[in-house]
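Peer 1: Sending over a structure as structure tokens; questions will come in a sec.
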Amino acid sequence: MEQKAFESPRRNPALDIIRKGSIITIITLISRPLGYVREAIQAYLFGATLLVDAFIVAFNFPELIQTLFFSGATSAFLIPVCTKYLKDHEEYSHIYSIFINISIILTFFVSLVFFLFSGTVVRFIAPGFTAEAKAITNNLFIIMIPVIAFHTILSVQKAFLNAREHFAAPELSGILWNILFIASALILGKRLGIYSLAIGVTAGSLLQIVMQYPYLKRLGVRYRVTLDLKHPAVATAKSLFAGALIATSIVPINSFVGRIIASYLPHGEVASLSYAFRIFILPFSLFAVPVYTVMFSKLSRLYHDNDIKDFKAHIDSSMVIVCITLIPATILLCTVGDICVKVLYQRGAFTPADTAMTNRALFGYSVGLVFYALSISFVRIFNAMHDMKTPALIGLSSIAINAMIASILMVPFKNLGIALATSIVSLYNFAFLYVVLKRKTGYRTARSATRDIIKSLLAGILLVILIVLARRLLPEGILMTLTVSAVLTAIIYGLAFKSYYLKLLRRR
């Protein structure tokens, strides 16, 4: 009876991805505005002061450490590892407990080192701060050190839930974190000042872990005190960890390199890249993240079952969904990006000149949105096949290419050049991964998928022409421009993919 839960009948891959990924999209639509509310409350209570600078620096370092070395790589290698044990509840719980306990031990020692040498760490991450600012940063940093352990444990829980194709609880925990952060700031802000934010971060991270237990229990996953380091799953994880660590570090490293290069530009250019990337990442989070999250879990299982036909069908479906959603998103960002920047940021000290500068960067990022999504999706495809080495090597080469292109293009194009470098490197990563996958597995995009992708591109070209004409012929106005653009997008893509949508509804 238990085994039947894992043997669902084969269904349309696109419908499967959309159904399971839609919950992530819905949660993202809730969590993103909450993030803006969180920042607004932070700004309202503490403004743009030394205290906030200290909090941001103290928060970013443990967040970076756990993202780069722990949680970022964990799901990349853990989902393919634990997929092998899906049909054995006892063994699944056993390896879950092993990796939870390994995470606790590793992050405990890392956290202890940071605690003992917190002063040295603060001097390294905030060399320009005054003595007073360093003291505050040090206290905040110590309060938030447990975040490293909490987020690592959460990433293990997420991997084991995602492998069972449960995606809601890990995503909902982000909403819970935002709510607790906001509550801590409002309730404790007057009494504890900036320390209320650090308490909110740590308490929220702990609550995220607690939230996962009922869902794990419902799926039959039980924690026990065990540390079987000789288990085959641990050996497999060791062999995959280094490649997963490198591959998942490429994006933040490229962003870091871009910021370093941008520091040679005039004042405001670095900030404009940050503002632009925040807008750019929204459609990616809404459409691409759900697709590759669901796809990764499904492909890991199909690869283990040696179902190559369905494996390739899911790749085709994910590519089509990414193109149908992100090509129109790209066009909207490129044609009405200035309106988006104006609505979100242009007030107070943020001038029309800042809007124009940010919109240039947004355009540079946006032209590569589809390739940015596809490159990360293809990394997950290789991960599902237990191949961490290929995306790691390609990613490492992209760091040098990104730095070179950004350095060349920033001279004539400033922030636009640095943003374009990100898009070009995304195209490079995707193209290289696609070619290697084709040679390794014989994968070739199905004719129907190719037809849908081409149709999406043609619909996109028509959409560009119509939006540009509409902006020239119709009266200026934020509401008018956004409404017309949205309506045109819905009409063109609705008509172009009417049969595709109807097929999804019919095939269940």
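Values in this text are rule-based calculations from the coordinates and carry no lab data. Computed from a prediction, not measured in an experiment: that's the story for all the values here. Using ideal geometry, Cβ is built from the backbone for each residue, glycine included, and neighbour counts are taken over all protein chains shown.
Peer 1: Compute the normalised compactness of segment 23-229: alpha-carbon radius of gyration over 2.2 N^0.38 Å, N being the residue count.
Peer 2: On the way: Rg = 18.2 Å, N = 207, 2.2 N^0.38 = 16.7 Å.
Ratio of Rg to 2.2 N^0.38 Å for segment 23-229: 1.09.
Peer 1: Size of the dipole of segment 23-229 about the Cα centre, Lys and Arg at +1 and Asp and Glu at -1 on the beta carbon, nothing else charged, in debye to 20? Present the calculation step by step, with values, prior to reporting the outcome.
Peer 2: Values: 14 positive and 10 negative charges, 57 e Å.
Approximately 280 debye in magnitude.
Peer 1: Evaluate the distance, in nm, between pseudo-label points positioned 7 Å from the Cα of ILE401 and of LYS389 along their respective Cα→Cβ axes.
Peer 2: So the label points at ILE401 and LYS389 sit 2.1 nm apart.
Peer 1: Okay, moving on. What is the Cα centroid distance between segment 225-281 and segment 399-429, reported in whole angstrom?
Peer 2: 18
Peer 1: Rounding to the nearest 20 debye, state how big the charge dipole of segment 189-284 is about its Cα centre with +1 on each Lys and Arg Cβ and -1 on each Asp and Glu Cβ. Intermediate results must be reported in sequence, preceding the final value.
Peer 2: Numbers: 10 positive and 2 negative charges, 108 e Å.
I would put it at about 520 debye.
Peer 1: Counting every Cα pair in the chain, what percent are over 42 Å apart? Can you show the working numbers first?
Peer 2: Details: 23852 of 128778 pairs.
For the chain, the fraction of Cα-Cα distances above 42 Å is 19 percent.
Peer 1: Using a basic spin-label model with each label point 7 Å from the Cα along Cα→Cβ, how many nm lie between LYS503 and LEU227?
Peer 2: Distance between the two pseudo-spin positions: 5.4 nm.
Peer 1: Next question, about the same structure. Per residue of segment 444-455, in order, report the coupling 6.51 cos²θ - 1.76 cosθ + 1.60 (Karplus, θ = phi - 60°) as ³J(HN,Hα) in whole Hz, putting x for Gly and Pro.
Peer 2: 9, 4, 4, 4, 5, 5, 4, 4, 5, 5, 5, 4
Peer 1: Within segment 360-467, which trypsin sites (Lys or Arg not before Pro) sit in a loop by DSSP and count at most 13 neighbouring Cβ atoms inside 10 Å? Provide the component values of the computation, followed by the final result.
Peer 2: On the way: sites: ARG360, ARG380, LYS389, LYS414, LYS438, ARG439, LYS440, ARG444, ARG447, ARG451, LYS455; in loops: LYS414, ARG444.
Answer in residue order: ARG444.
Peer 1: Could you tell me which trypsin sites (Lys or Arg not before Pro) in segment 297-357 are loop residues by DSSP with no more than 12 other beta carbons within 10 angstrom of their beta carbon? Display every interim value, and only then the final one.
Peer 2: Numbers: sites: LYS298, ARG301, LYS309, LYS312, LYS342, ARG347; in loops: ARG347.
Sparse-neighbourhood loop trypsin sites (Lys or Arg not before Pro): ARG347.
Peer 1: At 7 Å along Cα-to-Cβ for each site, give me the label-to-label distance between PHE109 and LEU188 in nm.
Peer 2: Roughly 3.0 nm, to one decimal.
Peer 1: Tell me the net charge near MET211. Cut-off is 15 Å between Cβ atoms, MET211 excluded, with +1 for each Lys or Arg and -1 for each Asp or Glu. Walk me through the numbers on the way to the answer.
Peer 2: Numbers: positive: LYS158, LYS217, ARG218; negative: GLU171.
My count for the surroundings of MET211 gives +2.
Peer 1: Still on this structure, please answer the following. Calculate the all-directions average of the projected area of segment 408-469's alpha-carbon convex hull, and give it in nm². Don't skip to the answer; put the middle values down first.
Peer 2: On the way: hull surface 25.1 nm².
Taking a quarter of the hull surface, the average projection is 6.3 nm².
Peer 1: Given a Förster distance of 35 angstrom, what is the FRET efficiency for THR130 paired with ILE102, based on the Cβ-Cβ distance and rounded to 0.05? Numbers along the way, then the final one.
Peer 2: Details: r = 40 Å, r/R0 = 1.15.
My answer for the efficiency is 0.30.
Peer 1: Could you tally the net charge around ALA459, taking each other residue with its Cβ under 14 Å from the Cβ of ALA459, Lys/Arg +1 and Asp/Glu -1?
Peer 2: On the way: positive: ARG451, LYS455, LYS498; negative: ASP452.
Net charge around ALA459: +2.
Peer 1: Just want the answer: with Cβ charges of +1 for Lys and Arg and -1 for Asp and Glu, which residue in ALA159, ILE26, ASN60 is farthest toward the dipole's positive end in segment 23-229?
Peer 2: The Cα lying farthest towards the positive end belongs to ILE26.
Peer 1: Can you tell me the dipole magnitude for the chain around its Cα centre, using point charges on the Cβ only (Lys, Arg +1; Asp, Glu -1), in Debye to the nearest 20?
Peer 2: Numbers: 47 positive and 23 negative charges, 267 e Å.
The calculation lands at about 1280 debye.
Peer 1: Same structure again: With loop defined by DSSP as not H, G, I, E or B, and exposure as at most 11 other Cβ atoms within 10 Å, which is the longest segment of the chain clear of exposed GluC sites (Glu not before Pro)?
Peer 2: Numbers: sites that count: GLU2, GLU7, GLU476.
Here the longest segment lacking exposed loop sites spans 8-475.
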